[in-house]
Amino acid sequence: MANMAQAIRMALHYAEENLGVTDIFGEDVGAPLGGVFTCTQGLKTAWNSPLDERGIIGTAMGLAMAGNRPVAEIQFCDYIYNTIDLLKLAGNTHWATNGDWAMPMVVRTPVGSGIRGSLYHSHSFDATMTHIPGWKIVMPSTPLDAYGLLISACQDPNPVMFLEPKALLRVKGEERIPGEPEDDRALSKMIDAPLGDRSQWKPQWPTLEAFAVPIGKGKVVREGTQATVISYGRTMPLCIKAAAQLAEEGLSVEVIDLRSLWPYDWELIKASVQKTGRVLYVNEDTEVTNFGEHLVRRTVEELFYSLLAPPRLVAGKFIPGIGLADALEMASVPQQNDITTALRNLCREQP
Amino acid sequence: MSRPRLIKENSAPLSLAREQLIRIHDLMVKARVLEERLIQMYKQGHGYFWIGGPGEEAFNVPLGMLMKVGEGPAYDYLHAHYRQSATLLAMGEEPIGALRQMKNTATDPYSGGRNFAGHFSRRSKNIAPVTSPIEVQYAIAPGTAMAQKRHGGDAITIVTGGDAGTAEGDFASCLIWSSRPANPLPILIIVTNNKWGISTTSDGQHGETNISDRARAFNIQAKTINGNDPVESYQELQAAMEYVRKERKPFFIEARVSRLYGHSSASGANFVNEEQDCLRLFEARLEQEGVLDRKQMDDVRNRYTEELAAAARTVRDEPQPSGDSIWEHIYAEKK
Ligand SMILES: Cc1ncc(C[n+]2csc(CCOP(=O)(O)OP(=O)(O)O)c2C)c(N)n1
């Protein structure tokens, strides 16, 4: 099965061929590298931009205003912070002009920990991004969702922020992308650029099919009755493992992959929390003014009388960065054990 | 306040056709009267904030006259700043729109009562939304220029901002993105230099002799012109635009202009005597060369003064947007 980087590449190829994507650009996005995480290898509209994040976002806005369909990349989300006011503008242009100008652009950027990226290659961006109105924000945790969400993003008339959990970019999926060959090695031969001289290399794209994951729809990954855990991105597979482990202890946990952060699938959350009465939100952004806090607040306000225990949040520590040493990173952002323990405690908590 | 240093005195004969001169004068007066009306509305409490471009008409009118106005990449894009009402009028906008924006009525054609005076926006004329953060337009403009280059034809992107704002990184972004040898862009980069950033004088900010000198490092052709002279502005803009249209490469114009009513209502919006008034200078020349006499010019002014007073009365009775409308247009719908 394809990994997430390959899925993203295939979605972009599909979008270039079928959805009018005109420019896939950013630092080192074009040949020869095709992106520091290889997500843009072999794409025909991929090009290398100046090393200028504000220029990248600004140019994407201009292209979108002129009726083109750009997909811009910021190499690491740690470096998107110096474009915040442009992101704010991209999000408010339709509103500010009373519906006159739209901003159909996609920005992709890798987020989160998991590659021992130290202070400046481990940031999260979900809390900051969900504070900027006018954008749609998605974050897949599987290659198939990455493929389907990116196709939806490239069809949306609004700016869409596509957050890529970098820890999961090399993880193979369990579901096949429609059109992907049966054999993983065959796929790699077709679409992964060779090491060394790539000047003559051209990818052989499989015949891909349209497959869109609608923005705003979450997914029940595992059904359960005693508690709900809701996550997205890198921590999602950890929640799935935690639920499996707790099942062996006789605890039934429902697992939801939110996939879209804005708009998000409140109906799915609500139905699950009303069923289980207990909910844990998990993400790895710093815990103060965390997006999960918003979800906790809404849960308390709207679902209070369905709750058997206070809603909880497991998130990253509120510290200025993630240290390089293994023990420092592990202590900074949620790990398997943190989630399992939090869920176990939640299930056992009695009113 | 110091006088802007002139590159060339206004002594050359008026080397444009008579109808052109009359048209320029008409638009300059219209724009001046509009701004004066906006200031009055602000001072009478019919608006919360004023910012605009009285003093920049001699440059902004020719710019608007020379633009290829329309929608989409086959027409020119304007990424303006907040002092360009004169350009908008020269592009065919009705002055009542600016009054509506000042009064933040639901009928405000630029933002529906949401944005400040001078923050124009019109997709049907390729007028990109004017933003409050200064200089961001310089980072956005290469995008429309890139789309135009790909589209083919001779349409160009025009981006304008102030001198103080050139300290922002977005200005450097524009020079860099426009002049990459692999993909130079059809973009006219303009700085209107009034020598002020709110209350900060330019000599405290600029080590470069001319702001246009910065273009040289990027092999972008550049010129500093007297933006207080509408004839020089017209001719220099025409030449620059022709170059950009044909060569599909950037050109840089620094226009020295006046700031006749200070920075904005925040600094009082009162007339500044020490600044050169481009309209008065132009009228003296028109009279001297027998293009128009004083009476004819007074008639133009009186006509616009009456028209705008009537427009202001109309606007006064128009509805404000409803509170519920805050939820409208957050997202575009799929067509
Ligand atoms: C990014 C940003 N910083 C600060 C301000 C506040 N501000 C508004 S206008 C201005 C001065 C701009 O001067 P200049 O660029 O010379 O343009 P001018 O107003 O003189 O035409 C400042 C500092 C702003 N609007 N945007």
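The values are calculated or read from the model by the stated rules, or taken from the named source; none is laboratory data. Values in this document were obtained by computation on a predicted structure and should not be read as measured data. Methodologically, a virtual Cβ is constructed for each residue, glycine included, from the backbone with ideal geometry; neighbour enumeration extends over all protein chains shown. For the accessible areas, the whole protein counts, side chains as well, though only heavy atoms, and no ligand, DNA or RNA atoms are used. Shrake-Rupley method; radii C 1.70, N 1.55, O 1.52, S 1.80 Å.
Only residues that are exposed (fewer than 13 other Cβ atoms within 10 Å of the Cβ) and either farther than 27 Å from A:Gln226 by Cα or outside the structural domain of A:Val282 (by the TED database) (or both): list them for the range A:303-323, please.
Matches in the range A:303-323: A:Phe318, A:Ile319, A:Pro320.
For the range B:168-226, give me each residue that is open to solvent by 70 Å² or more (accessible area, probe 1.4 Å), within 14 Å of the ligand (Cβ to nearest atom) and at pLDDT 95 or above.
B:Glu168, B:Ile198, B:Ser199
Could you check the range B:79-94 and list, in sequence order, the residues that are over 17 Å from B:Gln20 (Cα atoms) and within 16 Å of the ligand (Cβ to nearest atom)?
B:His79, B:Ala80, B:His81, B:Tyr82, B:Arg83, B:Gln84, B:Ser85, B:Leu88
Scan the range A:81-101 residue by residue and report those that are closer than 18 Å to A:Asp126 by Cα, in contact with a helix residue (DSSP H, G or I) (Cβ under 6 Å, 6 or more places away or on another chain) and open to solvent by less than 10 Å² (accessible area, probe 1.4 Å).
A:Thr83, A:Leu86, A:Ala90
Just to be sure I understand, how many residues within the range A:81-130 are out of contact with any Asp or Glu (no Cβ under 9 Å at 6 or more places or on another chain), without any contact (Cβ under 8 Å) to a residue 12 or more places away in the chain and not small (Gly, Ala, Ser)?
The number of residues fulfilling the criteria is 3.
Within the group A:Val160, A:Val171, which residue is open to solvent by 10 Å² or more (accessible area, probe 1.4 Å) and hydrophobic (A, V, I, L, M, F, W, C)? Break it down into steps so the answer makes sense when it comes.
Details: A:Val160 fails: open to solvent by 10 Å² or more (accessible area, probe 1.4 Å).
On inspection, the qualifying residue turns out to be A:Val171.
What single numbered condition from (1) more than 8 Å from chain A (Cβ to nearest Cβ); (2) farther than 28 Å from B:Gly323 by Cα; (3) open to solvent by less than 40 Å² (accessible area, probe 1.4 Å); (4) in contact with a Phe, Trp or Tyr (Cβ under 8 Å, 6 or more places away or on another chain) fails to hold for B:Gln148?
Result: B:Gln148 fails condition (1) only.
Starting from the range B:249-276, take each residue that is free of Cβ contacts under 8 Å to residues at least 40 places away in the same chain and within 11 Å of the ligand (Cβ to nearest atom) and list its partners that are open to solvent by 10 Å² or more (accessible area, probe 1.4 Å) and not aromatic (Phe, Trp, Tyr), counting only C-beta distances under 8 angstrom and pairs at least six apart or across chains.
Between residues of the range B:249-276 that are free of Cβ contacts under 8 Å to residues at least 40 places away in the same chain and within 11 Å of the ligand (Cβ to nearest atom) and residues that are open to solvent by 10 Å² or more (accessible area, probe 1.4 Å) and not aromatic (Phe, Trp, Tyr), the close pairs are B:Gly262/B:Gly268; B:Gly262/B:Asn270; B:Gly262/B:Val272.
Output the residue which, of all residues in the range A:197-241 that are among the aliphatic types (A, V, I, L, M) and closer than 19 Å to A:Met10 by Cα, is farthest from the chain's Cα centre (by Cα).
A:Leu208
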